Amino acid sequence: MGQMSTEDLPAPRSLAEALRARDDASLAALLRRRPDLITPVPTDLTQLATRAGTRASVVRALERLDRFALQTAEALAVAGDPASYDELLGLMAGDAADEAVVAALPAAVAALREQALVWGADDRLRLVRTARELLAPSPQHPSPTGLGPSVQEATAGMSPGRIQEIVSAAGLPSTHDSVSAVAALTALFTDRKKMKRLLGQAPADSLDVLDRLVWGPPYGQVTPDPAPRLRWLLDRGLLLPTAPGTVVLPREVALHLRAGRAHRTPEPVPPAVEPAVVHRPQVVDGTAAGQAYTALATVEELLKEWDEGGPAVLRAGGLSVRDLKRTAVALDVSEPVAAFWVELAYAAGLLASDGEADERYAATPAYDEWRERPAAERWARLAEAWLVATRTSGLVGGRDAKERTLSTLGPGLDRSAAPEVRHRVLTLLAALPEGGAPDAEAVLARLRWERPLRGAQSEDDLRTRLARWTLTEAELLGVTGRGALSAHGRALLGVAVARRTAEEPKGPGDKLPVHHRPSAPPEHLSPPEQAVATAAAARLLTPLLPEPLDHVLLQADLTAVAPGPLHRPLADMLGVLADVESKGGATVYRFTPASVRRALDAGRSASDLHAFLAAHSRTPVPQPLAYLIDDVARRHGHLRVGAASAYVRCDDETLLNEILADKRAAALRLRRLAPTVVAAQADPATLLDGLRAMGFAPAAESAEGDVLISRAHAHRTPPRTAPEPVPEGPPVPDATLLAAAIRAIRAGDLASTTPRKPTDATQLAPGELPRTSSAETLATMQAAVLTGEALWIGYVNAEGTASQRVIAPVRVEGGFVTAYDHTADEVRTYPLHRITGVAELADD
């Protein structure tokens, strides 16, 4: 059952020695799994071991263990120190020797070793001290195993006389001292046969007490005069007092009652994630593509709604609740979904605050560029931004640590675990057969097994909520369809879709085509790799999206039906000329007097509108629509509004009389100045709105008397970059950084541990560097150039920072030494006057 061969190596006496015995590949695996250990790069392996044992680093490492590896670490925390592999196996598999546990335990121990949480050979396994302190039981922090302290720990403060009484009551001979008495009691509790005889004498109600404590918590309360069932247990040490009124079930007794197991339910195998239903991949891809198109339309509608300047930015940042509700109504979605679309546009760099004094949200210049891209590329940009974003819209409406409400686009929404959870959820979906949609609870159960300390124990923990939001958001965005990962969703993760070619089933009796189970996606994609994956996703999505149309169907009820997406110029013009009545597979536009007047205000003439409709309609222009345009055009501009405060000018005196007689005009405070001119004590914009509300069609005019063309002004922010995701701890180092770090650590370790050649008949201790004079330094350097020997030097740089290095001098001239620096793995030049000491490395 050994994990590594140690026959040729002496047993390590510390974690530093265990790390020193590792090869470079093993050190690289450690630093990859625990990147915080090389931030900054340690000077040697002793410092690396020290850093690996700090509380913050150990907590971070424990949080990334799966459930079985964590259970293994918990078992080591209550085992002896050191513990043998067989002792650990007994704690994990129990007397029954669970086959699944036996098979999985070597890998769990190897994982703990790889992360430097466990070191030592199989006969002397040691859990690092910090991890033992974090996982070992105590009254303040009960063990996750539910085990209490050992007999030796529980009797530490007990009087010798009381210990001897317990030994006698348990049927053991008296001893001369407490140490041997505790040892005898421990031996009794760990002897299966003797414990079986002892418990066979126990009253039934006493055994009931043990049953309630056996799986934890192991502590209970007693009165000063315990009941007989408790007294029987206390007399024999099966319960031991730990404080006044508190007793504990000793660890050895609990393990006997548990048949040797540290955990009630070891979980060596992760919960399976299987498809609850399998759809045809073509159906999944089509559904996801339809939702992807809806996602694009929704984001465009959102930014069109904010085109002339969006909602104001709150003083503390973000959108107000009222503005979020208005946005939800405009998009015809719920408020949480509206928050998702707003945050997605922000993450993609399409939306930001304008930074002006009266700060408002608006589209960025990148939005205009984005709109001109093909639809699939626009979707890919949104999907990629969502995949890596740390801002989490699901938190909107909740409270932060200071009980402040979290708002959309406001501070406090970043959760560094979000990208990892999204990637992991999609990875689980990618591991299913194509078209397979799992049950959400199966996915959540798997995530809880994989990160039991990061979430995972309740429905309200962050990782569980992030996973639920991921499943919902992936469907909204079109990464999944009907709960299954789409082909373009797989490509986004870097998975090549492997699909057998087979004809579609033609009838209910035909079998569905068989699909390969795709390979799992890589854990991390570099930016260039992600760019390639995103481009591949766009290519797969392109043929699934509908082609833009250049026509609509005009109907006699003053509506136009767009049977699919429209080319942008057509959609933009139609959006001015008509109001959207309904959306879906086909968009229905309705023409109204107000919408036609809007087009006329934008500078279009009646003839322009007739020509536009005739050119883009597959049906003849209905007579009612033609009459509507002509009627609004006849009245458009008949009234002229200018600035006095404001005035109304009209050649038709009768029309002005009608306005003055209308009670609804009272608020405008109109006064006739001439037969064709009426003044108002309202500004021109208010006067225009008031007259239009009364059913008239006024037009604004300039100071020169010309009609003003009203065009929407697209408000844009200055150039903005998308928000940077908040990293979760140090980034995983790449191969180049790992190789350089390991070379530096090895060189520093060599310098600190290799014995030096004697100087002045004095043997230097490892790690001790003598100070040398300038003459001695120069002579040693010149000799090393001739012999090719490596030297250990002390060096102080221009900033005054001291370091130790291993160098191989190549040339000495002009007060400088040029040498190959083993620590930095490069050739460097050092001023001799900055070298504080030099020593030759002793031969092996």
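Among residues of the range 758-787 that are modelled with pLDDT under 60, those with a Cβ under 7 angstrom from a residue that is basic (Lys, Arg), sequence gap 6+ or separate chain, pair up as 764/756. Would you pick out the residues in the range 1-30 that are in a loop (DSSP other than H, G, I, E, B), surrounded by 13 or more Cβ atoms within 10 Å (Cβ to Cβ) and either in contact with a strand residue (DSSP E or B) (Cβ under 7 Å, 6 or more places away or on another chain) or modelled with pLDDT of 90 or more (or both)? Result: 12, 21, 22. With a requirement of 3 or more residues that are closer than 21 Å to residue 750 by Cα and under 43 Å from the mean Cα position of the chain (by Cα), the strands (runs of 3 or more DSSP E) lying completely within the range 778-835 that satisfy it span 802-813, 826-831. Candidates 287, 265: the one that is polar (S, T, N, Q), outside the structural domain of residue 192 (by TED's automatic domain parsing) and under 30 Å from residue 102 (Cβ atoms) is 265. Taking the range 360-380 as the range and being assigned to a helix (DSSP H, G or I) and under 24 Å from residue 549 (Cβ atoms) as the test, the residues that pass are 367, 368, 369, 370, 371, 375, 376, 377, 378, 379, 380. Within the range 381-409, work out how many residues are in a loop (DSSP other than H, G, I, E, B), of a type in the set (Gly, Ala, Ser) and within 26 Å of residue 489 (Cα to Cα). Adding up the residues that qualify gives 1. Answer with yes or no whether residue 188 is touching a strand residue (DSSP E or B) at 6+ places or on another chain (Cβ under 9 Å) and more than 30 Å from residue 449 (Cα to Cα). Answer is no for this residue.
Kindly indicate whether any position in the range 455-478 is at pLDDT 90 or above and assigned to a loop (DSSP other than H, G, I, E, B). Yes, the range 455-478 contains at least one residue that is at pLDDT 90 or above and assigned to a loop (DSSP other than H, G, I, E, B). Is it the case that some residue within the range 371-380 is touching a residue at least 60 places away in the same chain (Cβ under 8 Å), within 27 Å of residue 494 (Cβ to Cβ), loosely packed, with under 15 Cβ neighbours inside 10 Å and not small (Gly, Ala, Ser)? Checking the range 371-380: at least one residue is touching a residue at least 60 places away in the same chain (Cβ under 8 Å), within 27 Å of residue 494 (Cβ to Cβ), loosely packed, with under 15 Cβ neighbours inside 10 Å and not small (Gly, Ala, Ser).
Restricting the range 31-73 to residues that are acidic (Asp, Glu) and in a helix (DSSP H, G or I) leaves a set whose member that is surrounded by the fewest Cβ atoms within 10 Å (Cβ to Cβ) is 63.
The residues on offer are 316, 254, 292, 297, and the sole one that is surrounded by fewer than 19 Cβ atoms within 10 Å (Cβ to Cβ) and either assigned by TED's automatic domain parsing to the domain that holds residue 214 or part of a helix (DSSP H, G or I) (or both) is 297. Kindly establish whether residue 309 is among the small types (Gly, Ala, Ser), in contact with a Pro (Cβ under 8 Å, 6 or more places away or on another chain), at pLDDT below 90 and farther than 23 Å from residue 334 by Cβ. No: the conditions fail for residue 309.
On inspection, residue 94 fails the criterion of being under 20 Å from residue 213 (Cβ atoms) and in contact with a Phe, Trp or Tyr (Cβ under 6 Å, 6 or more places away or on another chain). Kindly indicate the residue of the range 271-289 that is touching a Gly at 6+ places or on another chain (Cβ under 7 Å) and part of a loop (DSSP other than H, G, I, E, B) and also surrounded by the most Cβ atoms within 10 Å (Cβ to Cβ) among those meeting that condition. The extreme case among them is 279. Those helices (runs of 4 or more DSSP H) of the range 608-719 in which 1 or more residues are of a type in the set (Phe, Trp, Tyr), at pLDDT 85 or above and assigned by TED's automatic domain parsing to the domain that holds residue 564 occupy 623-635. Residue 107 falls short of the stated requirement of being buried (at least 16 other Cβ atoms within 10 Å of the Cβ) and either of a type in the set (A, V, I, L, M) or more than 30 Å from the chain's Cα centre (by Cα) (or both). Kindly evaluate residue 739 against the criterion of being on the phi < 0 side of the Ramachandran plot, within 41 Å of the chain's Cα centre (by Cα) and either modelled with pLDDT under 80 or assigned by TED's automatic domain parsing to the domain that holds residue 576 (or both). It is false that residue 739 is on the phi < 0 side of the Ramachandran plot, within 41 Å of the chain's Cα centre (by Cα) and either modelled with pLDDT under 80 or assigned by TED's automatic domain parsing to the domain that holds residue 576 (or both).
Report yes if some residue within the range 172-183 is touching a Lys or Arg at 6+ places or on another chain (Cβ under 9 Å) and surrounded by 12 or more Cβ atoms within 10 Å (Cβ to Cβ); otherwise report no. No, the range 172-183 contains no residue that is touching a Lys or Arg at 6+ places or on another chain (Cβ under 9 Å) and surrounded by 12 or more Cβ atoms within 10 Å (Cβ to Cβ). In the range 311-337, the residues that are closer than 19 Å to residue 360 by Cβ reach residues that are part of a loop (DSSP other than H, G, I, E, B) and acidic (Asp, Glu) with C-beta atoms within less than 8 angstrom, at least six apart or across chains, in these pairs: 312/358; 312/359; 313/359. What number of residues within the range 74-83 satisfy the criterion of being in a loop (DSSP other than H, G, I, E, B) and touching a residue at least 12 places away in the same chain (Cβ under 8 Å)? Matching residues across the range 74-83 total 3.
How do the pairs read when you match residues in the range 233-261 that are under 17 Å from residue 196 (Cβ atoms) with residues anywhere that are of a type in the set (Ser, Thr, Tyr) and not in a helix (DSSP H, G or I), using Cβ under 7 Å and keeping only pairs 6 or more apart or on different chains? As it stands, the answer is 250/150; 252/150; 252/190, since those pairs meet every condition given.
Could you tell me whether residue 294 is more than 30 Å from residue 374 (Cβ to Cβ) and of a type in the set (S, T, N, Q)? It is false that residue 294 is more than 30 Å from residue 374 (Cβ to Cβ) and of a type in the set (S, T, N, Q).
The values are calculated or read from the model by the stated rules, or taken from the named source; none is laboratory data. Fair warning: this is a prediction, and the values are worked out from it, not measured in the lab. Positions of Cβ are generated from backbone atoms using ideal geometry, with glycine treated the same way; all protein chains shown enter the neighbour counts.
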